Each structure stands twice: as C-alpha cells, then as structure tokens.
1. For the chain, what does -39500 (n - 2.57) per DSSP helix run (n ≥ 4), summed and divided by total residues, give at 222 nm, in deg cm²/dmol to the nearest 500?
2. Which shape class, rounded, prolate or oblate, goes with the chain when its Cα gyration tensor gives a ≥ b ≥ c as root eigenvalues, a/c under 1.5 marks rounded, and past that a/b bigger than b/c marks prolate?
3. Report, to the nearest 10°, how far helix 16-59 tilts away from the longest principal axis of the Cα atoms in the chain, using its own Cα long axis and a range of 0 to 90°.
4. By how many degrees, between 0 and 90 and to the nearest 10, does the Cα long axis of helix 2-13 differ from the longest principal axis of the chain?
5. E38: net charge of surrounding residues, Cβ under 14 Å, Lys/Arg +1, Asp/Glu -1, itself excluded?
6. So, in Å, what gap is there between the alpha-carbon centers of the stretch 30-60 and the stretch 1-23?
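Values in this text are rule-based calculations from the coordinates and carry no lab data. For clarity, every value in this text was computed on a predicted model and none was experimentally measured. Glycine also receives a Cβ, built like all others from the backbone with ideal geometry; neighbour counts cover every protein chain displayed.
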Amino acid sequence: MMQAAVLDALIARGDLSHLVLFLWAGGASAGAGYLLRELAAANRRFDDFVRELHRFNTKHGG
C-alpha cells in the first residue's frame, strides 16, 4: 500500500521520468561494477596462467 502511494505521488507530480532515470542509472552502475569485477578476475586468472607458463619453461629449459 505504501509503495502505491509513493508511486501515485511521483506520477501526480510528473517525477516518473526521474524515477525511471534513477532506476536506469542504478542498473547501469550495477552492471558496470559487475563487469569490472569479472574483468579483474579474468586478469588474475591470466596472470596465474602466465606465471605457471614461465615456471614450466624455466623448469624444462625452454
């Protein structure tokens, strides 16, 4: 009930576009944060791979 009253007040004042913009910006920010976290994890995995490859080459005289 409370949510409907808040939404009705926003619509009556014409602030629905602000609400939608806020939700879009929040979703975009959350998506960007998720992508950055995944990119950092991929970078760590690649670094581990390169480090192991270097150890293998060093051990086997390559």
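1. On the way: 2 runs with 56 residues, N = 62.
The helix contribution divided over the chain gives -32500 deg cm²/dmol.
2. prolate
3. The angle comes out near 10 degrees.
4. 70
5. +3
6. One Cα centre to the other: 44 Å.
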